[in-house]
Amino acid sequence: MEEKIFQFLIYYPIFLISLIVHEVCHGLVALKKGDPTAKYMGRLTLNPLSHMDPVGTVIFPILAVFTGFIPFAWAKPVPVNPMNFKNRTEDMFWVALAGPASNFVLAFFAAWIYGMTVKYGQGVFSPQTIHIILDLSKLALILNLALFTFNLLPISPLDGSKIIGRFLPYNIRHVFEELNPMYGMMILLALFMTGLIRLISIPIFALANLLLQLFRF
């Protein structure tokens, strides 16, 4: 149990920061595109209390660490009003993309820290400190790539369901936008219940290895 608690204390702050950055970036791009809803509702802040969902940001992460449950979590979605956009489909694409893109940037930064620590750490830090930095940076890398990959799935309410709309013909997009919210949660539930959601670990670890390769020598 003590080991589980220790894992949680390491995992949770990185996870929470990654989720908050994800949501804030949605709101910042929405503001840039003409929708100030997130700003007026106080969501353009790094204060965790403004973004935490009792179930998605607290209960599910605890279950994931202490029971081995498939990791699945979320923060309160940043409110967006597409009526404020000049081009609803185009602007919504960039707003939706901002969240996963922010996680990819964080993953890239984590891989850079990992690589620089391997290369220069021995002359600067103690072996124990190096070990801690490598563990934390690799955890941040995997967590952010997991958020990046999972949110790109074209299933409502995930960001991918809004990103893909930009590339669909109007008549198909209209049907997709009507049906996806109705069946999206059922599809997600089926993926988790069957364990098929674990398949996203394939691109997650492939991307992690690719990013780490960038800083190997």
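List of remarks:
- For G121, the conditions (1) in contact with a Phe, Trp or Tyr (Cβ under 9 Å, 6 or more places away or on another chain); (2) modelled with pLDDT under 95 all hold with the exception of (1).
- Selection over region 75-107 of residues that are outside any helix (DSSP H, G or I) and polar (S, T, N, Q) gives a count of 2.
- Listed conditions (1) assigned to a helix (DSSP H, G or I); (2) at pLDDT below 95; (3) out of contact with any Pro (no Cβ under 7 Å at 6 or more places or on another chain); (4) under 25 Å from G34 (Cα atoms) are all met by S161, apart from (3).
- Scanning region 108-152 for residues that are under 25 Å from K33 (Cβ atoms) and either aliphatic (A, V, I, L, M) or not in a helix (DSSP H, G or I) (or both) returns L147, L152.
- The requirement of being over 30 Å from F108 (Cα atoms) and part of a helix (DSSP H, G or I) is fulfilled nowhere in region 203-214; no residue meets it.
- Test: L63 is of a type in the set (A, V, I, L, M, F, W, C), over 20 Å from H22 (Cβ atoms) and at pLDDT 90 or above: no
- So V118, is it within 18 Å of the chain's Cα centre (by Cα) and over 14 Å from D159 (Cβ atoms): no
Residue-by-condition table, conditions (1) loosely packed, with under 12 Cβ neighbours inside 10 Å; (2) among the small types (G, A, S):
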{"residue": "L147", "(1), (2)": "no, no"}
{"residue": "S161", "(1), (2)": "no, yes"}
{"residue": "R166", "(1), (2)": "no, no"}
{"residue": "H174", "(1), (2)": "no, no"}
{"residue": "L196", "(1), (2)": "yes, no"}
{"residue": "A208", "(1), (2)": "no, yes"}
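- Top-ranked residue in region 86-114 [being at pLDDT 95 or above and over 18 Å from the mean Cα position of the chain (by Cα); ranked as surrounded by the fewest Cβ atoms within 10 Å (Cβ to Cβ)]: W112
- Identification of helices (runs of 4 or more DSSP H) wholly contained in region 1-74 with 1 or more residues that are closer than 30 Å to A190 by Cα yields 2-32, 60-67.
The values are calculated or read from the model by the stated rules, or taken from the named source; none is laboratory data. Predicted, not measured: the structure shown is a model, and the values here were computed from it. Neighbour counts run over all protein chains shown; Cβ positions are idealised from the backbone, glycine included.
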